[in-house]
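Notes for the one structure printed next.
The values are calculated or read from the model by the stated rules, or taken from the named source; none is laboratory data. Everything numeric here is computed off the predicted structure, so don't read it as measured data. Backbone-built Cβ (ideal geometry, glycine too); neighbour counts: all protein chains shown. When the accessible area is computed, the model is the full protein with side chains, heavy atoms only, and any ligands, DNA or RNA have been set aside. Shrake-Rupley method; radii C 1.70, N 1.55, O 1.52, S 1.80 Å.
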Amino acid sequence: MTTPVHPVNRLRPRRSCLAVPGSNPRFLEKAQGLPADQVFLDLEDACAPLAKEGARHTIVDALNNGDWTGKTRVVRVNDWTTHWTYRDVITVVEGAGQNLDCIMLPKVQDAQQVVALDLLLTQIEKTMGFEVGKIGIEAQIENAKGLVNVDEIAAASPRLETIIFGPADFMASINMKSLVVGMQPPGYPADAYHYILMRILMAARTHNLQAIDGPFLQIRDVDAYREVAGRAAALGFDGKWVLHPGQVDAANEVFSPSQEDYDHAELILDAYDWCTSEAGGKKGSAMLGDEMIDEASRKMALVIAGKGRAAGMERTTKFEHPSTEKKAEA
């Protein structure tokens, strides 16, 4: 690969990733006012074949003239097995590359598909005078072959920012006995998605990428959405797709730490900094209330604190280091 590693923030907030049909100007306008971390303007499944060409130009106009403040701006192009992909990328990136954060590539099956997109992006950036490497790539895993090759896919380009699970096509590709996307298939007593999610998560974390869960199509059942999202969040996923405005707040809540956990994480970091300092006695571990903390505790706290800070949370507690008298008594 010749693409330089660009010093942009590849780990952006992506608790809620809102899908918006690229052919619908009304939806594109409405999406700008929703509190989603990421919005992806879709040229793939959400666009009928006859609407795809016009949707490219509609998306370019929306990116250039809309107000996407605070949102990661992504366009999902068609996959490489179609004849639309190259024109999707060229039209969108040449037309709105300076107002675009990432290209999402669906149905990725091997690393070479990511490499091909990287090379095309590099050529467009050089031609247009854009900064080379600035536009990221999101890779969507939607079938068995893609999952088997996910390690190589995750290592394919320095542009990669996320690995995304696409449940609907994946369920079809393995003949899963279910018609409800994201829900557990009948007859299986455990979590049928656990291996898939963990496989994606391990590949993503190995290469310092984010892991994003895909859509839940029962859009009016927010409680069920929370349950499915909670499964991915518990494993360590960074966010989930939202298909309806009613799912946005649920995603933001599920993939943010609770106030109690966020405060506790910040206290651990403060306490560890204190106990390892000169004033704190240069100790490798210490007590925070009834809890012993050490370097491993700090690493775990960094994860929770980082998610809380990215979500804009504010602390409600303050660390008070032990007094001189208490240290003397100890």
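Structure notes:
- Computed extension gain for A224 through A144, at 0.36 nm per residue and net of the alpha carbon distance, reaches 26.2 nm.
- Amide N proximity, the stretch 150-186 versus M202 label position 7 Å along Cα-to-Cβ, cut-off under 18 Å: 150-156, 163-165
- Near N149, once Lys and Arg are set to +1 and Asp and Glu to -1 for all other residues with Cβ below 14 Å from its Cβ, the sum equals -1.
- Just checking the listed ones, A111, A204, A234: in the Gaussian network model of the chain with Cα springs under 10 Å, the one fluctuating most is A234.
- For S277 and L302, the FRET efficiency from 1/(1 + (r/R0)^6), where r spans their Cβ atoms and R0 equals 22 Å, is about 0.80.
- Positive-end residue of G146, A36, V115, charge dipole of the stretch 1-152 with Cβ unit charges: A36
- Computed over protein heavy atoms with a 1.4 Å probe, the accessible surface of the stretch 17-145 works out to 40 Å² per residue.
- Surface composition of the stretch 161-302: carbon and sulfur atoms hold 55% of the protein heavy-atom accessible area at a 1.4 Å probe.
- The stretch 88-104 residues near the modelled A168 label - backbone nitrogen below 18 Å, point 7 Å along Cα→Cβ: 104
- In the chain, the calculated helix contribution to ellipticity at 222 nm averages -13000 deg cm²/dmol per residue, counting -39,500 (n - 2.57) for every DSSP H run with n ≥ 4.
- Mean sequence separation of contacting Cα pairs (under 8 Å, at least six apart), scaled by the length of the chain, corresponds to a relative contact order of 15 percent.
- Taking all protein chains as shown and a probe of 1.4 angstrom, Y195 keeps an accessible surface of around 140 Å².
- For D261 and D67, a Förster radius of 35 Å and the Cβ-Cβ distance give a FRET efficiency of 0.60, rounded to the nearest 0.05.
- For the stretch 30-115, with all protein chains in place and a probe radius of 1.4 Å, 48% of the accessible heavy-atom surface sits on carbon or sulfur.
- Per residue, the stretch 184-330 exposes an accessible area of 55 Å² to a 1.4 Å probe, with every protein chain left in place.
- A234 versus H194: modelled label distance in nm, points set 7 Å from Cα along the beta carbon direction: 1.0 nm
- Maximal additional length on extending the Q184-L217 stretch stands at 10.6 nm, based on 0.36 nm per residue less the C-alpha distance.
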